[in-house]
Amino acid sequence: MVNYPYPSEFMMPLPGHPIKEVCRRIDEGPAGTSILDRIYEGANVYYNYTGEAKCFELDDDPHGLDGWNWQ
């Protein structure tokens, strides 16, 4: 839904090609980086790309997407 080739901010501030950025952060972690740290870095692209969030509010639904929980 937000994988555009240019930066966007209609859901969250995201870079252009955000899925590629997620994969890059997961794949290019330093040797010895745990899988959880890599996943965190990938999720950070969506939840805190700007670096301004102090914590993730994972139970917050600012976009009205609560109906997707059943999938």
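All of the numbers you see were taken from the coordinates with simple rules; none came from a lab. Given the structure is predicted, the values throughout are model-derived calculations rather than measurements. When we count neighbours, we look across all protein chains shown, and the Cβ atoms used for this are built from the backbone with ideal geometry, even at glycine.
The ranking of TYR6, TYR40, TYR47 from fewest to most other beta carbons within 10 Å of each one's beta carbon is TYR6, TYR47, TYR40. Residues whose amide H lies under 5 Å from that of HIS17, counting only those 5 or more places away or on a different chain, are TYR4, TYR6; hydrogens are built 1.01 Å from N in the peptide plane. Neighbour counting of Cβ atoms within 10 Å sorts the residues SER8, SER34, fewest neighbours leading, into SER34, SER8. In terms of other Cβ atoms within 10 Å, TYR46, TYR4 run from fewest to most in the order TYR4, TYR46. The spread of Cα positions in segment 1-46, taken along each principal axis and listed from longest to shortest, comes to 35, 15, 13 Å.
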